[in-house]
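Here the structure comes first, spelled out in structure tokens, and everything after it is commentary.
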Amino acid sequence: MRPIPMTSIDTSILYFFNVTLSAPLLDFLMPVITFAGTQIFWVILCSLIYLFGDHEAKEAAFMAIVALMIGFLLSELLKVMIARPRPYEVMEWIRYSGTAGGYSMPSGHTVAAFGGFLSLSFKLGRTALFIAAASLVGISRLYLGVHYPSDVAAGALIGILCSFIALRINERVKCFGLCRFEMLK
């Protein structure tokens, strides 16, 4: 497939977050925030929630891991199919100091953040807080110059979809377990 062409809206929004907002404090904070979109962050967080949480928290951790696995597979498949280069590879004005490889569309960090945080919110509440955290991860990807806004938007939609799939899977697993338990009585 051919790379998705960048629109002027993509360019304008990217320029705003990557260049206009640049500041030393954000240069420090954005790599920290973007870490919440990594696999290691989610493995550690979900492990801690599962180990130390109550029943609802354990279900939330299970759903987050399911959403993350589905999201990872889907986003990696789409990246190869779409093959869109990253902004820093094609635009000379991009401020880029991170380490990102592979293709740009969709943002895997944003998929993970929305899939994980929204899945947690289904059982733990605080939906606005979790969506704000996921949104900050997406913004950090723009600030760091590794994704276009449309990559982040696609990542958010995929992450949301994966969280709802994980919710359905959790409902089925619970029903299977409960139905099986009822049959044993």
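Details
- Label-zone membership for the stretch 125-158, site Phe35, 7 angstrom Cα→C-beta point, backbone N under 15 Å: 137
- The stretch 24-51 versus the stretch 59-77: alpha-carbon centroid distance in Å: 16
- With only Cα atoms counted, the chain has Rg and Dmax values of 18.0, 68 Å.
- Taking all Cα pairs closer than 8 Å and separated by 6 or more residues, the relative contact order of the chain comes to 30 percent.
- According to the Cα-based calculation, Rg over Rh for the stretch 33-130 is 1.06, with Rh computed by the Kirkwood formula.
- Estimated inter-spin distance, Phe16 and Ser135, nm [label 7 Å along Cα→Cβ]: 1.3
- In sequence order, the stretch 74-80 has phi-based couplings of 5, 5, 5, 4, 5, 4, 5 Hz under the Karplus curve 6.51 cos²θ - 1.76 cosθ + 1.60, θ = phi - 60°, and Gly or Pro positions carry x.
- Close Lys pairs in the chain (alpha-carbon distance under 18 Å; sequence gap of 8 or more, or different chains): 4.
- Here the chain has 73 percent of its accessible surface on carbon and sulfur atoms, given a 1.4 Å probe and all protein chains in place.
- For the pair Arg126 and Asp27, label points projected 7 Å from Cα toward Cβ lie 3.2 nm apart.
- Phi-derived couplings, Karplus 6.51 cos²θ - 1.76 cosθ + 1.60 at θ = phi - 60°, listed residue by residue for the stretch 11-28: 5, 5, 5, 4, 4, 4, 6, 7, 10, 4, 7, 4, 7, x, 4, 5, 4, 7 Hz, with x used for Gly and Pro.
- Here the Gaussian network model covers the chain, with springs between Cα atoms less than 10 Å apart; of Ala83, Ala134, Ala23, Ala23 fluctuates the most.
- Placed amide H near Met105: partners under 5 Å, 5+ positions off or other chain: Arg84
The values are calculated or read from the model by the stated rules, or taken from the named source; none is laboratory data. From a predicted model like this one, the values you see are computed outputs, not experimental measurements. So basically every Cβ, Gly included, is an ideal-geometry build from the backbone, and we count neighbours across all protein chains shown. Only protein heavy atoms, including side chains, enter the accessible area calculation; ligands, DNA and RNA are left aside. Shrake-Rupley method; radii C 1.70, N 1.55, O 1.52, S 1.80 Å.
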